[in-house]
Each structure stands twice: as C-alpha cells, then as structure tokens.
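Quick notes on the structure that follows.
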Amino acid sequence: KAGVTQTPRYLIKTRGQQVTLSCSPISGHRSVSWYQQTPGQGLQFLFEYFSETQRNKGNFPGRFSGRQFSNSRSEMNVSTLELGDSALYLCASSLVGLAGLQETQYFGPGTRLLVL
Amino acid sequence: GESVGLHLPTLSVQEGDNSIINCAYSNSASDYFIWYKQESGKGPQFIIDIRSNMDKRQGQRVTVLLNKTVKHLSLQIAATQPGDSAVYFCAETWRGGGNKLTFGTGTQLKVEL
C-alpha cells in the first residue's frame, strides 16, 4: 500500500506571496493532519481534517488554512508569507477510530518551504 | 530576530549495545503515546505505540515502557544498529484531542561502529 505523498517536495517563495501544499493520504485513511517542523519550535500541530471538515486546530494565525476533498486528499494554504514560515510541512493520515479512539498517524516526507 | 534551535539531547551508543531513550510528558489526560523515528530529510516514521491501559509493549527489537505515575515514557532498542541513527520523538494525545499530537523535542541517537 502506498504511503502518504506530499507535493511539491521543495518550494521557494518570497515574503508576501501565498503557497498551497498538497497531501494524498494512505488509501482508506480519512483523517489528515498537518504539522509544521522548525529548528526553533520543533513539531507543531496545525490542523486536522476529517470528512471535509476541520476537526482540530492548533495555535497558528489565520494565514494558515486548509481543506479536505471528498477523496480525503488535503491541501493547506499559507497566505502573506513571512520569513518565519520557512519550515518543513508534514502531512499525516490515519484511520478514524470508533468512539474517538485514536489511531496511528503515518507521515509523508514533507514539503520543505523556504521563504526569502 | 535570530531563532534559536531546540537543543536536542544526544545519545551515543556502540553498535550492538542496547539504547534507552526517555521522554517526559506533562498532560495527565494523555492516553495514547507514539514513538517516531526521523532520519535526515525524511518525515517521521512510526515505530511503536502504547495506550494508557498498558505498561509495556514490545515490537521487533523495540520495547516501549509507560509509567503513568511519573508521566514517563521510554523506548528501548535492542542490539542497536547503524541504521538506527536518527532523531527519535515521543508524541502524545488524549481521547478528547482527536489526532492532535503533541511532540517532545526529540533525542538524537548516534550509533558508533
């Protein structure tokens, strides 16, 4: 079974621009979560989508948004890019457990974003 | 301003020795814990998980121990190999938190030949 795929793998943008990152989950996984990884802050949760709805949100400004499509693929968007947005953006997918039981999240390789 | 990187603790072990990586968590409501391995340039790779109704769980060459009393988690790797060199993260969540994982800062494991 294919793993989580993310595109593009690398991206260079300038301040003020916007960017859209894409994630295709493992087949059958309906929950998709996004994380930001930086040397200064480590791995931080951005948001989670399930059934095309945002189910959880981390402490990031409104410039960070996402969506999920009916085939469970997800995109995240960052508007008005800042230098501090340079990071590795990771997508993870999982099954959805019964009665809120957590399921293992499997990560993609990430998109490396550099903001100049 | 200048960003300061997180200080990653480093564990150096000889090939063939056992490794123990520790993690302290703060949320007493956390009931699901996962260990991930991250190699340079790659995303985190699932190693093993444990739920709060267990104290110990074993996988292939790995064992996770959970001590809820002191909110401590450990990952034991038997017969450590050069391919085990990576950064290891513990992550936690709780039933009310859905899939929102909170990650530790990570431990750099270096395997010396």
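Derivation of every value follows stated rules applied to the coordinates shown; laboratory data play no part. On a predicted model such as this, the values are computed, not experimentally measured, just so you know. Don't worry about glycine lacking a Cβ; one is built from the backbone with ideal geometry, like all the others, and counts go over all protein chains shown.
Here the relative contact order of chain B, from alpha carbon pairs under 8 Å that lie six or more residues apart, stands at 36 percent.
Were the residues from B:K42 through B:S28 laid out at 0.36 nm apart, the gain over their Cα-Cα distance would be 2.0 nm.
The mean count of C-beta atoms from other chains within 10 Å of the C-beta of residues in A:34-44, rounded to a whole number, is 5.
For the protein assembly as shown, the convex hull drawn through the C-alpha positions has a volume of 134 cubic angstrom per residue. A simple count of charges around A:R55, restricted to other residues whose Cβ falls under 12 Å of its Cβ and scoring Lys, Arg +1 and Asp, Glu -1, yields +1.
Between the stretch B:15-64 and the stretch A:29-85, the C-alpha centres lie 24 angstrom from each other. Hydrodynamic estimate: the Kirkwood radius of the stretch B:27-88 over Cα pairs, inserted into Stokes-Einstein at 25 °C and 0.890 mPa s, corresponds to D of 196 µm²/s.
Treating each Cα of chain B as one equal point scatterer and applying the Debye formula with no solvent, the log10 of I(q)/I(0) at q = 0.12, 0.22 Å⁻¹ comes out as -0.42, -1.26. Once backbone amide H atoms are built at 1.01 Å from N, B:D31 has B:T93, B:W94, B:R95 as its partners under 5 Å, excluding neighbours fewer than 5 places away on the same chain.
Determine which lysines satisfy two conditions relative to B:K71: a Cα distance under 30 Å, and not lying fewer than 8 residues away in the same chain. In chain and number order, the partners are A:K57, B:K37, B:K42, B:K56, B:K100, B:K110. The phi torsions of the stretch A:57-67, fed into the Karplus equation with coefficients 6.51, -1.76 and 1.60 and a -60° offset, translate into couplings of 9, x, 8, 10, x, x, 5, 9, 9, x, 7 Hz, rounded to whole numbers, with Gly and Pro shown as x. Taken over the Cα atoms of chain A, the convex hull encloses 98 Å³ per residue.
Separation of the stretch B:74-113 and the stretch A:1-17, taken as the distance between their Cα centroids, equals 24 angstrom. Residues B:H72, A:H29, B:H7, ranked from the fewest to the most other C-beta atoms within 10 Å, line up as B:H7, B:H72, A:H29.
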